[in-house]
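Colleague: Please see the structure below; I have some questions.
The values are calculated or read from the model by the stated rules, or taken from the named source; none is laboratory data. Owing to the predicted nature of the structure, the values given are computational and were not obtained by experimental measurement. In this analysis, Cβ positions are derived from the backbone assuming ideal geometry, glycine residues included, and neighbour counts consider all displayed protein chains. Please note that ligands, DNA and RNA were not included when accessible areas were found on the heavy atoms of the full protein model with its side chains. Shrake-Rupley method; radii C 1.70, N 1.55, O 1.52, S 1.80 Å.
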Amino acid sequence: MIYIESKQNNIIKSVISLKSKKARDKLGMFILEGERLIGELPKDKKEKTKIICAESYPHKDNCNYVVSDGLFSLLTDTVTPQGILAICPKLEPEMISLNDDPLLVICENVADPGNLGTIIRTSDAAGADG
């Protein structure tokens, strides 16, 4: 665990830059905020992920870097941050092979993640190819 005190630190600068899409695309990284999202990372992706915690975060033993609460607030966009965030590599989408007459489900402007989850489960049950 490394304690970072300065916002001039290169790691801090790169995390702040990841707030812009241009930097995320250039660096091939993105930010995950909160315990639940970080906990859902696949195990094989956690190796390449750097975890940053605020000084007040109670479970710092799994963090790569610890920063002051004030510095942590510069890194996050969340109104009430949980005190933990992860810098993760972007994944490239996998190409799938479809049969000659695939059943595809296409969604547009789905605002509620719960609705999308229902669509995905229903599509899978109906045998959708993609």
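Colleague: Does TYR65 satisfy the criteria of being in contact with a strand residue (DSSP E or B) (Cβ under 6 Å, 6 or more places away or on another chain) and open to solvent by 90 Å² or more (accessible area, probe 1.4 Å)? Steps first, answer last, please.
Modeller: On the way: in contact with a strand residue (DSSP E or B) (Cβ under 6 Å, 6 or more places away or on another chain): yes; open to solvent by 90 Å² or more (accessible area, probe 1.4 Å): no.
When the stated conditions are applied, TYR65 does not pass them.
Colleague: So which residues in the range 48-62 are open to solvent by less than 70 Å² (accessible area, probe 1.4 Å) and over 17 Å from MET29 (Cα atoms)?
Modeller: Applying the first criterion (open to solvent by less than 70 Å² (accessible area, probe 1.4 Å)) to the range 48-62 yields 49, 51-54, 57, 60.
Within the range 48-62, CYS53, ALA54, TYR57, LYS60 meet the criteria.
Colleague: Is there a residue in the range 64-81 that is within 14 Å of the chain's Cα centre (by Cα), part of a helix (DSSP H, G or I) and not hydroxyl-bearing (Ser, Thr, Tyr)? Full working, then the answer.
Modeller: Just the residues of the range 64-81 that are within 14 Å of the chain's Cα centre (by Cα), to begin with: 75-78.
Now drop any that are not part of a helix (DSSP H, G or I), which leaves 75.
Those still in the list that are not hydroxyl-bearing (Ser, Thr, Tyr) too: 75.
Checked against the condition, which is being within 14 Å of the chain's Cα centre (by Cα), part of a helix (DSSP H, G or I) and not hydroxyl-bearing (Ser, Thr, Tyr), the range 64-81 yields at least one hit.
Each row is one residue, and each column tells you yes or no for (1) farther than 30 Å from ASN9 by Cβ; (2) at pLDDT 90 or above; (3) surrounded by 12 or more Cβ atoms within 10 Å (Cβ to Cβ).
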{"residue": "LEU75", "(1), (2), (3)": "no, yes, yes"}
{"residue": "ALA86", "(1), (2), (3)": "no, yes, yes"}
{"residue": "SER97", "(1), (2), (3)": "yes, no, no"}
{"residue": "VAL105", "(1), (2), (3)": "yes, yes, yes"}
{"residue": "PRO113", "(1), (2), (3)": "yes, no, no"}
{"residue": "GLY127", "(1), (2), (3)": "yes, yes, no"}
{"residue": "GLY130", "(1), (2), (3)": "yes, no, no"}
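Colleague: Show the residue pairs meeting these rules: Cβ distance below 6 Å; 6+ apart or different chains; first residue within the range 1-25 and within 19 Å of LYS90 (Cβ to Cβ); second residue open to solvent by 50 Å² or more (accessible area, probe 1.4 Å) and among the aromatic types (Phe, Trp, Tyr).
Modeller: ARG24/PHE30
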